[in-house]
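Every number in this text was worked out from the coordinates using simple rules, so none of it is lab data. The shown structure was predicted, so the numbers you read here are calculated from the model rather than taken from an experiment. Positions of Cβ are generated from backbone atoms using ideal geometry, with glycine treated the same way; all protein chains shown enter the neighbour counts.
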């Protein structure tokens with residue numbers, strides 16, 4: 001009986017780590033340099049909790065080191081804990097509203113049919129209908145948010161619950177904004193989730209938002225890369241225009257060099273970048289170079305979710321038609337890549353672009369941008385000319401008034 005009670009107690013969840021605990025952890029780790037075991041006793045937390053929290057709030061980046069080199073460093077040299085970063089990551093992780101499955105028009109119509117016409121419950125729909133690949137709780141959440149047109153009242157929440165939910169969302173958004181501002185004040189970089197991307201980017205309605213990826217060479221039987229070189233592919237989301245660059249390796253300095261080549265050609269046409277969670281893009285060197293030095297915001301896709309960068313993945317498959325899997329890249333020249341890139345960009349896309357080619361749309365958007373710039377410069381010149389005339393008229397009036 002006692003053993004059963006102990007087992008039950010062991011499953012009781014402790015409250016999440018608080019902001020004050022994170023501040024104390026920062027002091028005990030960075031200043032006092034205590035061990036994880038000693039800190040866990042001081043804060044009355046499991047050592048595993050302390051370990052996870054330290055890595056979550058770590059502001060150091062060692063992506064340029066191999067694992068053996070990293071393990072040779074003392075533990076306090078590998079981790080510099082930031083309470084602000086730890087709190088920021090924890091708050092973002094808990095903020096899951098609207099980040100789950102998407103309610104498509106087809107799925108909405110299907111669920112409404114089974115609830116309104118067939119009188120099925122969300123649990124029955126989730127368990128038995130193959131085309132509904134979401135949980136019953138997700139269906140109920142959609143009903144509570146009035147995203148489903150459901151006639152049965154029991155699936156609706158009352159206004160009080162809805163107001164509470166909206167207030168919770170606003171509070172968490174305000175907390176994330178406060179912590180992000182604090183990180184910037186401390187000079188720390190902030191990674192942006194793809195779920196923070198504005199609708200103008202998601203809908204592909206605005207030109208200048210790009211997706212980036214690396215295409216890697218073949219591996220040998222031991223699972224090692226046959227050569228270090230890689231191909232950087234960057235796709236503009238609205239026009240599906242592809243840019244490609246050969247880089248020496250996946251090291252952050254080579255990735256940065258390849259990205260700078262891209263900026264030298266298209267820098268004035270870049271608003272944002274969306275990347276995956278590969279080590280080459282999440283490294284602090286790359287993040288600092290792009291967001292801090294080049295002032296370009298990066299959004300990171302969810303791990304193991306290539307569909308979130310569909311344009312990039314589609315172009316990579318097109319590239320593989322010219323460079324099939326199983327070959328190395330060290331003999332591939334940039335001139336050959338440019339030739340392949342031109343062929344891909346001139347190929348019409350029947351569904352995505354209504355039969356037009358990426359290069360056709362890209363040049364159209366570029367001309368539109370240039371025309372807008374010229375129109376803006378002209379308006380500014382006229383405005384300055386009018387302002388100068390008004391100043392001269394005012395000065396002449398003052399002079400004439402003085403003479404009178």
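Ranked by Cβ crowding within 10 angstrom, fewest neighbours first, how are 123, 211 ordered? Walk me through the numbers before you get to the answer.
On the way: 123 13, 211 24.
Exposure proxy ranking, most exposed first: 123, 211.
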Inter-label distance, nm, simple model (7 Å from Cα along the C-beta direction), residue 343/residue 277: 3.6
Computed FRET value (nearest 0.05) for residue 314 with residue 93, which takes r as the C-beta separation and R₀ as 22 Å: 0.15
Relative contact order (percent, whole number), the stretch 19-96, Cα cutoff 8 Å, 6+ residue spacing: 38
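Within 10 Å of each residue's Cβ, count the other Cβ atoms and sort 34, 54 from fewest upward. If you can, show how the numbers build up before the last one.
Values: 34 16, 54 20.
With the sparsest Cβ surroundings first, the list reads 34, 54.
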Footprinting exposure proxy for 85, 204, 367, 140 (fewest neighbouring C-beta atoms within 10 Å first): 367, 204, 140, 85
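Stretched out fully, how many nm does the piece from residue 336 to residue 121 gain, at 0.36 nm a residue minus the Cα gap? Write down the numbers at each step before the final one.
Numbers: separation 215, 0.36 × 215 = 77.40 nm, distance 5.80 nm.
Here the answer is 71.6 nm.
What do the square roots of 5 times the Cα gyration tensor eigenvalues come to for the stretch 191-360, in whole Å, largest first, as semi-axes of the equivalent ellipsoid? Intermediate values should be presented prior to the final figure.
Details: eigenvalues 108, 86, 46 Å².
So the equivalent ellipsoid measures 23, 21, 15 Å along its semi-axes.
Using the beta-carbon distance between residue 42 and residue 325 and R0 = 60 Å, what value does 1/(1 + (r/R0)^6) give for FRET efficiency, to the nearest 0.05?
Efficiency for this residue pair is about 0.70.
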